[in-house]
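The values are calculated or read from the model by the stated rules, or taken from the named source; none is laboratory data. As the structure is a computational prediction, the values presented were derived from the model and not from experiment. Every residue, glycine among them, receives a Cβ derived from its backbone with ideal geometry; neighbour counts consider all protein chains shown. Accessible surface areas use protein heavy atoms only, side chains included; no ligands, DNA or RNA. Shrake-Rupley method; radii C 1.70, N 1.55, O 1.52, S 1.80 Å.
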Amino acid sequence: KQAGQWREVDWEQAFDAVVRGLKGRDFGVLASPHSTLEELCLAAKLGPADFRLRHSDFSADGAREGIPWLGMPIAELGALDRVLVVGSFLREEAPLIAHRLRQAAKRGAQIHMLHSVDDDWLMPVASKTVVPPSQLVASIAGFQEALKSGKNPAILIGNFAQQHPQAGAIHAEVQKLGFKFGFIGEAANSVGGYLAGLPTAALPEVARKEALVLLNVEPRLDLADAGALAGARF
């Protein structure tokens, strides 16, 4: 962009312009979790970077062990007999997981919903608990007995819960129950981002940088809080 106008240039000119724009600046990187593993790996090497664009709570950083993933092979979902799904628009987020749980429910598995929205999963649901977002954390402990009645129980944490302002507390409450649990990935490379070495800094820290490199990101549409980038140069 020169004199306020976009120009079409070749890659060499584009990279030269990027280098000039970043030279001497304190910059960070925001990458889309839909980027490839290779792209995310390179983004992690540039400097402070994060790919969790829609998250709002980063309190679990440094306390969490391992990578947030499903916690089991997808094929094992069909063998579960008690499942609690916390904060998930299941059919839209993960159709394959929804299909596996639907088949498990038809075989007698009890599927329990804890959410802040009365969402229709198009499957037999043993219980549906809809609470305000502020009560989501406190409601998790109430499913202890329902899960304990099964031989192969599990808890799945959905996108709504992962993007919740108390996401760290939700994770902690789920762990307290002592059952197998996992995270429903919110994007094509949510797990790959962690494998690539991201985040090297939490999003709020990256957002405070003087300049930002955006990898497949439209900040006004992709971020949970686009206002956090006010004043940043892209």
### Task
Of the numbered conditions (1) out of contact with any Ser or Thr (no Cβ under 6 Å at 6 or more places or on another chain); (2) within 13 Å of Asn216 (Cα to Cα), Pro33 fails exactly one; give the number of that condition.
(1)
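Per-residue answers, yes or no, for (1) at pLDDT below 95; (2) among the aliphatic types (A, V, I, L, M); (3) open to solvent by 20 Å² or more (accessible area, probe 1.4 Å); (4) under 17 Å from Leu203 (Cα atoms):
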{"position": "Leu30", "(1), (2), (3), (4)": "no, yes, no, yes"}
{"position": "Thr36", "(1), (2), (3), (4)": "no, no, yes, no"}
{"position": "Leu40", "(1), (2), (3), (4)": "no, yes, no, yes"}
{"position": "Ala49", "(1), (2), (3), (4)": "no, yes, no, yes"}
{"position": "Gly62", "(1), (2), (3), (4)": "yes, no, yes, yes"}
{"position": "Gly66", "(1), (2), (3), (4)": "yes, no, yes, no"}
{"position": "Trp69", "(1), (2), (3), (4)": "no, no, yes, no"}
{"position": "Asp81", "(1), (2), (3), (4)": "no, no, yes, no"}
### Message
Quick test of your reading of the structure: Leu90 fulfils all but one of (1) within 24 Å of Gln175 (Cβ to Cβ); (2) open to solvent by 50 Å² or more (accessible area, probe 1.4 Å). Name the failing condition by number.
### Response
(2)
### Message
Go through (1) at pLDDT 95 or above; (2) under 30 Å from Lys209 (Cα atoms) for Val125 and report which single condition fails.
### Response
(2)
### Task
Evaluate the following for Gly197: is it part of a loop (DSSP other than H, G, I, E, B) and in contact with a Leu (Cβ under 9 Å, 6 or more places away or on another chain)?
yes
### Task
Only residues that are open to solvent by 30 Å² or more (accessible area, probe 1.4 Å), within 21 Å of Asp61 (Cβ to Cβ) and outside any helix (DSSP H, G or I): list them for region 136-182, please.
Gln163, Pro165, Gln166, Phe181
### Query
Would you call Leu101 closer than 15 Å to Pro124 by Cα and out of contact with any Pro (no Cβ under 9 Å at 6 or more places or on another chain)?
yes
### Summary
For region 183-229 the number of residues that are aliphatic (A, V, I, L, M), free of Cβ contacts under 8 Å to residues at least 40 places away in the same chain and open to solvent by 50 Å² or more (accessible area, probe 1.4 Å) is 1
